[in-house]
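The values are calculated or read from the model by the stated rules, or taken from the named source; none is laboratory data. Everything quoted here is computed from the prediction, not taken from an experiment. FYI the Cβ positions are ideal-geometry reconstructions off the backbone, even for glycines, and counts take in every protein chain you see. Areas reflect the complete protein model, heavy atoms only, side chains present, ligands, DNA and RNA absent. Shrake-Rupley method; radii C 1.70, N 1.55, O 1.52, S 1.80 Å.
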Amino acid sequence: MKVSADPNLDNLNSRLITVNSVEELKQIGGIANAQFKEGNDRHLNYPDEVASSIMSAIDRAKSDNCALESFIEPHHLQNIDAAMLAFVNGNSEKVKGYEPVINALKFPAQILVTAGEDITVTPSNPLIIGENSPFVQGGLALFGTVTVEPGGQIQILIPVTFQASQLILK
């Protein structure tokens with residue numbers, strides 16, 4: 001079973017959808033800020049405040065995200081990536097200052113969306129999410145019951161929010 005941006009590989013009726021901002025991505029597949037109480041998000045890397053040089057780079061790039069990337073120092077690019085992950089999967093208020101540069105660098109983007117019924121994952125029928133999807137920013141996979149038989153594998157090759165109403169491990 002394959003979830004892929006390549007329609008020749010995908011056999012679970014996945015769709016590519018355009019996402020225009022990091023906030024929209026959070027709404028589609030992220031975790032609501034209300035889920036985070038003080039201290040229960042220690043597993044996330046919240047980078048320091050956004051550097052002023054990044055904000056001036058946005059103005060210099062004039063909406064050209066390739067030029068923008070070249071104006072930003074590599075360690076700042078790592079902070080932007082961490083901030084994007086924290087924005088979507090953590091308390092976005094803690095990295096709100098990064099939102100303009102995340103949107104300028106990373107959006108619009110495409111994500112892969114799959115909604116499926118009940119599936120059974122076996123050694124001969126693994127579930128592979130994101131194969132041959134190099135330009136996809138992430139995905140959302142929603143299933144009914146997912147049964148994983150002994151030796152069955154779920155391979156996740158892109159950042160994805162995976163939800164099942166029930167997960168059965170045999």
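Identify all residues within the range 11-50 that are in a helix (DSSP H, G or I), open to solvent by 30 Å² or more (accessible area, probe 1.4 Å), touching a residue at least 24 places away in the same chain (Cβ under 8 Å) and among the aliphatic types (A, V, I, L, M); write none if there are none.
Within the range 11-50, just I28 meets the criteria.
May I ask you to list the residues in the range 1-32 that are within 30 Å of T122 (Cα to Cα), in contact with a strand residue (DSSP E or B) (Cβ under 9 Å, 6 or more places away or on another chain) and not aliphatic (A, V, I, L, M)?
Result: K2, S4, D10, N11, N13, S14, R15, G29, G30.
Just need a number here: residues in the range 108-133 that are farther than 15 Å from L12 by Cβ, touching a residue at least 40 places away in the same chain (Cβ under 8 Å) and in a loop (DSSP other than H, G, I, E, B).
Going through the range 108-133 one residue at a time, the tally reaches 1.
Answer yes or no: is there a residue in the range 21-32 that is closer than 23 Å to D81 by Cα and over 14 Å from the mean Cα position of the chain (by Cα).
Yes.
Tell me which residues, restricted to the range 51-71, are touching a Leu at 6+ places or on another chain (Cβ under 8 Å) and open to solvent by less than 60 Å² (accessible area, probe 1.4 Å).
Across the range 51-71, the qualifying residues are A57, I58, A61, L68.
What tally of residues in the range 90-107 results from selecting those that are outside any helix (DSSP H, G or I) and either without any contact (Cβ under 8 Å) to a residue 24 or more places away in the chain or over 20 Å from A61 (Cα atoms) (or both)?
2
Can you pull out every residue in the range 134-160 that is among the small types (G, A, S) and closer than 17 Å to D10 by Cα?
G138, G139, A141
Can you report the number of residues in the range 65-89 which are within 16 Å of S21 (Cα to Cα) and either acidic (D, E) or outside any helix (DSSP H, G or I) (or both)?
1
The conditions are (1) among the charged types (D, E, K, R); (2) out of contact with any Asp or Glu (no Cβ under 7 Å at 6 or more places or on another chain); (3) in contact (Cβ under 8 Å) with a residue 40 or more places away in the chain, and D64 fails exactly one of them. Which is it?
Here D64 clears every test but (3).
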